[in-house]
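Some notes on the structure that comes next.
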Amino acid sequence: MPLVQWQGSFSVGVPVIDADHKTLISLLNQMHEARQEGHTREVVGSILNVLVEYTVHHFQREEKLMDMAGYPGAQAHKEMHRKLAAEAKLFQLQYEEGRHAAVDELFEFLKNWLVGHILGVDIQIGVWVEKVELEPGNLLGRFGLWQQADDKDGGPLVTGDVP
């Protein structure tokens, strides 16, 4: 059973950010499943490394979007990102040093933080982008941050790199 299940209420209304959040949730669930199924320390650690790297990538993309949109809460939001990244890296280091309980603590921390952050803070980015632009894709497209394709569920899947 997944640790976190994507829900429509998690959507911030910015396709590229929603796609990132879905990826983060998927990675968290993959790591949880690997741990539950008794996979090796190396397998769990590998997923943890990807999760931490992708989190940093996501933060860069989200911060670029906030800057481009002139989001007034950008500085405080970036500080939250820095704190989470530092905590996630600390859990990662503890796990690498053999403290396996660190990954279990990370599950709870990330589950609570991710859901709370999306619903409580990231949702405001979507509200702001909607005020600034008629369509979030216009803002993202202007700066080459996204491309659209179909995902397996038939909906748009938006990906891209942070310039």
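Remarks
- Qualifying residue in the stretch 110-129 (condition: assigned to a loop (DSSP other than H, G, I, E, B) and of a type in the set (Asp, Glu)): no
- Just one residue in the set 34, 74 is without any contact (Cβ under 8 Å) to a residue 60 or more places away in the chain, small (Gly, Ala, Ser) and closer than 20 Å to residue 6 by Cα; that residue is 34.
- In this entry, residue 111 passes the filter for residues that are among the basic types (Lys, Arg), surrounded by 15 or more Cβ atoms within 10 Å (Cβ to Cβ), at pLDDT 75 or above and within 30 Å of residue 39 (Cα to Cα).
- Test: residue 141 is surrounded by 14 or more Cβ atoms within 10 Å (Cβ to Cβ), farther than 20 Å from residue 54 by Cβ, at pLDDT below 85 and touching a strand residue (DSSP E or B) at 6+ places or on another chain (Cβ under 8 Å): no
The values are calculated or read from the model by the stated rules, or taken from the named source; none is laboratory data. Just so it is clear, the structure is predicted and the values come from calculations on it, not from any experiment. For neighbour counting, all protein chains shown are included, and Cβ atoms are generated from backbone atoms with ideal geometry for every residue, glycine included.
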